[in-house]
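Please treat every number below as a calculation from the coordinates, not as lab data. On a predicted model such as this, the values are computed, not experimentally measured, just so you know. Cβ atoms come from the backbone with ideal geometry, glycine included; neighbour counts cover every protein chain shown.
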Amino acid sequence: MEIPKTYDPRSAEERWYSHWMTKGYFHSEPDDREPFTVVIPPPNVTGVLHMGHMLNNTIQDVLVRKARMEGKNACWVPGTDHASIATEAKVVQKLRQEGIKKSDLSRDEFLKHAFDWKEKYGGVILQQLKKLGASCDWERTAFTMDPDYSDSVINVFIDLYNKGKIYRGVRMINWDPEARTALSDEEVIYKEVNSKLFHVRYKIAGSDDQWLTIATTRPETILGDSAICVHPDDPRYKHLHGKFAIVPIANRTVPIITDEYVEMEFGTGCLKVTPAHDVNDYELGKKHDLETIDIFHDNGIVNENGLHYAGKDRFDVRKEIAKELDDKGYLVKVEDHINKVGFSERTDSVIEPRLSLQWFVSMKELAAPALENVMNGNIKFHPDKYKNTYRHWMENVKDWCVSRQLWWGHRIPAYYYGDGEFDFVVAKSAEEALIAAKKKSGNNGLTTADLRQDEDVFDTWFSAWLWPISVFKGLTEPGNAEIKYYYPTNDLVTAPEIMFFWVARMIIAGYEYMGELPFKNVYYTGIVRDKLGRKMSKSLGNSPDPIDLIEKYGADGVRMGILISSPAGNDLPFDSSQCEQGRNFTNKVWNAFRLVTGWEVRPIEQPKSSQKAIEWFEARFNQELANINELMDKFKISEALMAIYKLVWDDFCAWYLEMIKPGYEQPIDQATLDQTIVFFEQLLSLMQPFTPFVAEEIWHLLRERKDGDDIIIAPWPKVKTVDQAVLKQFTVAEEVIINIRNVRKKNNIANKVRIDLFVKKNAELDTAFDSVIVKMGNLSQMEYTTEKIGNANSFLVNSNEFFVPFGELVDVEAEKSKAEEELSYVKGFLNSVQKKLQNEKFVAGAPEQVLASERKKEADALQKIAVLEEKLAGLN
RNA sequence: GGGGGAUUAGCUCAGUUGGUUCAGAGCGCCUGCCUUACAAGCAGGAUGUCGGCGGUUCGAAUCCGUCAUUCCCCA
């Protein structure tokens, strides 16, 4: 049977994924094994796979697959998030294309469209994850709007309300005038934009011609001014303290107040205060008890407070009012100015700070255990530098505005029965609400028809924060077998961008509702960037389609490509050449398999060199295995992968297989082949979490397997004692072999030409690997001598001289300069060592161990110098 | 404006508690090879003021200060 020269991932990937599914390897049920639980960061239900998901989910899959091999009961729960704003925006857009306006639909009609959309496009992303090889327990696929999940969300809100953690309040919020919804701070993107700074003068009340000049980027908000503020220490304005100014156009008289908040250097040092339309002004307004004048409707159109501008758009008004100010002599000057403006993450329209009645969760107390348990290490962050960022945020945590003016999501279970500020109740259903409302109002005549449920839904994160609990029904069926078994989960893999949106809040919910941490480790991935360092995004169009990449390089290749250079928390500058490297690796392994499987076994004696090779690889494998385990424990996943890559490619393929490889058309002995296959299997085991498909494929081709003998559930190798002596011996042999290759190269001696090697032993030299040297160097003989060999290329390993005689072709000058170069290096080295040893302070201060090592270095160097000098003398 | 990182080879990154001439890996690059597993390969090779300056120390990529550059978060 002819085995193809290159590995073809396609058929193997489909075949093995469906095999794993059929066997139920991904499915988990509680049993007596140790659980290993990971919950997926649920992607948006209508999303498609992008490179960020690839990175994130590959890492999770590696962790889960390794845990499975370690004999743990691995459970990776997949699912999707309803993503209220993003999904609603998509549905609105789609309806608009069909000529349907959201405002023409009832809530129920709109939700029907939304669910249709979800049915059609929802879960595409989960199908794509299967192509990547994600070993999720698909039977557990969850959705944040599943009936049971929704119950948890509503229950939690009611519970928090009953605990007094929920309040309804007027707050300055980020208003998206296009989507007509409040946004959380995190949904606002600040961008630098070129704008104008308008200098406008206000007349001092009671004066004839006394003015003060303010600078503003938003002259239209003049109509909402309720004060002028200056710095109390600003000498320019001391005479105005306690006076009043007249707002241009509006002709209102407002106080001139002082506050240290004002930056004297900025603009004119005079600040107009518009509490209704600026966060900082709002704070000032509260502090100084100022009037709040709202001049906008919720869509950004000026309202009746805007006098003759009522009914006009905010940006038009800005231009028109600037003109009116100018015409009336109020506009002093206009400067170009760069300032930061908030934009809506979803609609990209300019955010309008706005006072609005919203629902809030009071966070301070809830956050306390979440802060403590990260800082004390109960929950570990990888890399742990994120603890600082986390602490800073949690110590200054702000109350959480959880209401959104949308329909797609969990509707807020608040019912109003009157027009008063507190004429509402919070309840699970209209029926329960009615009972509560009767009680609260004292009006027993109320009927359900008198109740109006709040129109708003919850912030998406108000459901996502329950994810690790609610996927196991921990809130609706408290104490059930699954939540007891799987919670707390083990590792969470996510992006640092959502540390506050999500991670922090899951931790809060964990302590509040389970009394325990939701996960033990948080691994923060970096941001996937393109070659130019730009974040990969759909809008930039710089993100490759992951599915195309998988088609091109194979899932294993892509998995490797994405992991090979992505240390935790560092950005991943992605380049498809990395996938090429991954694909090349799978092909390398494939060819190693081709080699091993092509040998014919005969009852021949095992060569000494093969014996030594096996001894060495055994030691080498275990040495690296210990290293890999350590790296994995520290979540240094890309380093672990690199170690495996080198172990397979360099140690196994380039060294081991070459050492045991029989000559052309020569047979191999049984013992060597058997051991080689065992080594191969162990390597495949290490590869399995990273490149599961090629590992499974070769696993089954290497030998006949019984049903169920699959590498996905094979045990992770155990570390055995490492024979350090063998490793040390091999290092010497390796150096000799590399030197021989150099001699061949310099003299153009073909590899197939056999050569002689003479060794003059000047120092300790282990001969254990001589048979390997003979084989790898393709030597006709290796002979020990006490004499120098003339007319030969020579090199030095640990002060021992090696000679490769080769006719008359030896370049004496080259040999000389090589020896001189080496001599001068060793002398320099000796010098530095002796300088240290002569330094009394060093001898007094350095620990004994360091001293001993310095003395040994000195002795070695002295011996080497003697050999080199003798050699040079011989050449002259 | 406030807070937190980062700066080591052309690129992406390692570098434990200061101690081998310690400056490393992968990729890329250069040279030579289609050597019967693999050219998606083999063999060999080069590359650095460890961002600058100052300090502590017998000794600093590592500790301290400062400046510069840069990224992130918050306002």
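Cross-link partners for A:Lys728 among the aspartates and glutamates, with Cα-Cα distance under 14 Å and sequence neighbours closer than 8 places in the same chain left out: A:Glu615, A:Glu618, A:Glu764, A:Asp766, A:Asp770.
Computed FRET efficiency, Cβ-Cβ of A:Asn444 and A:Lys163, R0 22 Å: what is it to the nearest 0.05? Step by step, r from the Cβ atoms, then E = 0.20.
With a ≥ b ≥ c the root eigenvalues of the C-alpha gyration tensor of the range A:190-296, is it rounded (a/c under 1.5), prolate (a/b larger than b/c) or oblate?
Values: a/c = 1.31, a/b = 1.23, b/c = 1.07.
Note, shape of the range A:190-296 comes out rounded.
Please compute the contact order of the range A:549-626 in relative form: average sequence separation of alpha-carbon pairs under 8 Å and at least six residues apart, divided by the residue count, as a percent. Provide the component values of the computation, followed by the final result.
Values: 46 pairs, mean separation 20.7, N = 78.
Reported as a whole number, the value is 27 percent.
For a straight C-alpha distance cut-off of 16 angstrom, the aspartates and glutamates reachable from A:Lys871 (same-chain residues fewer than eight places away being disregarded) are A:Glu787, A:Glu801, A:Asp811, A:Glu813, A:Glu815, A:Glu820, A:Glu821, A:Glu822. Give me the angle, in degrees from 0 to 90, between the Cα long axis of helix A:9-23 and the longest principal axis of the Cα atoms of chain A, rounded to the nearest 10. Between helix and principal axis, roughly 70 degrees.
Note on the range A:405-545: along the principal axes its Cα atoms extend 68, 42, 24 Å, ordered by decreasing extent.
Is the shape of the range A:555-620 best called rounded, prolate or oblate, per the rule: a/c under 1.5 gives rounded, else a/b larger than b/c gives prolate, else oblate, with a ≥ b ≥ c the square roots of the Cα gyration tensor eigenvalues? Mind showing how you got there, number by number?
Values: a/c = 5.54, a/b = 2.24, b/c = 2.47.
Verdict is oblate for the range A:555-620.
Given 25 °C and 0.890 mPa s, compute D for the range A:95-216 with the Stokes-Einstein relation, Rh being the Kirkwood radius over Cα pairs; round to the nearest whole µm²/s.
Values: Rh = 21.2 Å.
Answer from the Stokes-Einstein relation: 116 µm²/s.
Dipole magnitude for the range A:272-405: computed about the Cα centre from +1 point charges on Lys and Arg Cβ and -1 point charges on Asp and Glu Cβ, it is near 560 debye. Computed from point charges on the beta carbon alone (+1 for Lys and Arg, -1 for Asp and Glu), the dipole magnitude for chain A about its Cα centre is near 740 Debye. For the range A:809-871, a Kirkwood hydrodynamic radius built from all Cα pairs, placed in the Stokes-Einstein relation at 20 °C and 1.002 mPa s, yields a translational diffusion coefficient of 165 µm²/s. Computed over chain A, the quotient of the alpha carbon radius of gyration and 2.2 N^0.38 Å is 1.28. Packing around the peptides A:212-218, A:477-483, A:638-644, taken as the average count of other Cβ atoms within 10 Å per residue, puts them in this order, highest first: A:638-644, A:212-218, A:477-483.
Packing here is the average count of other Cβ atoms within 10 Å per residue, and on that basis the peptides A:602-612, A:499-509, highest first, run A:499-509, A:602-612.
Between the helical axis of A:848-875 and the dominant principal axis of chain A, each derived from Cα atoms, what acute angle in degrees is found, rounded to the nearest 10? With rounding to tens, the tilt is 50 degrees. Note on A:Asp548/A:Arg33: beta-carbon distance plugged into 1/(1 + (r/R0)^6) with R0 of 41 Å gives a FRET efficiency of 0.60.
Do the sum for chain A: with -39,500 (n - 2.57) for every DSSP H run of n ≥ 4, divided by all residues, what is the mean residue ellipticity at 222 nm, to the nearest 500 deg cm²/dmol? Display every interim value, and only then the final one.
On the way: 26 runs with 362 residues, N = 876.
That comes out to -13500 deg cm²/dmol.
Over the range A:454-510, all Cα pairs binned in 10 Å intervals from 0 give whole-percent P(r) values of 22, 47, 25, 5, listed from short to long.
Shown here: the range A:26-86, whose C-alpha atoms stretch 42, 21, 12 Å along the first, second and third principal axes, sorted largest to smallest. Report note on the peptides A:321-333, A:844-856: ranked by the mean count of other C-beta atoms within 10 Å, highest first, their order is A:321-333, A:844-856.
The C-alpha atoms of chain A define a longest principal axis, and helix A:637-646 lies at about 20 degrees to it.
With 17 Å as the cut-off, how large is the P(r) tail for the range A:567-664, expressed as percent of Cα-Cα pairs? Don't jump to the answer; show the numbers that get you there.
Values: 2963 of 4753 pairs.
So the pairs more than 17 Å apart make up 62 percent of the total in the range A:567-664.
Just so you know, the averaged projected area of the alpha carbon convex hull for the range A:707-840 sits at 14.5 nm². Counting other Cβ atoms within 10 Å as a rough exposure proxy, the listed residues A:Lys636, A:Lys196 run A:Lys196, A:Lys636 from fewest neighbours to most.
Multiplying each eigenvalue of the alpha-carbon gyration tensor of the range A:369-423 by 5 and taking the square root yields semi-axes of 37, 14, 10 Å, largest first, rounded to whole angstroms. Measuring against 23 Å, Cα to Cα, the residue pairs A:Lys484/A:Lys520; A:Lys196/A:Lys323; A:Lys385/A:Lys473; A:Lys163/A:Lys398; A:Lys612/A:Lys720 contain A:Lys385/A:Lys473 as the ones spanning a longer distance.
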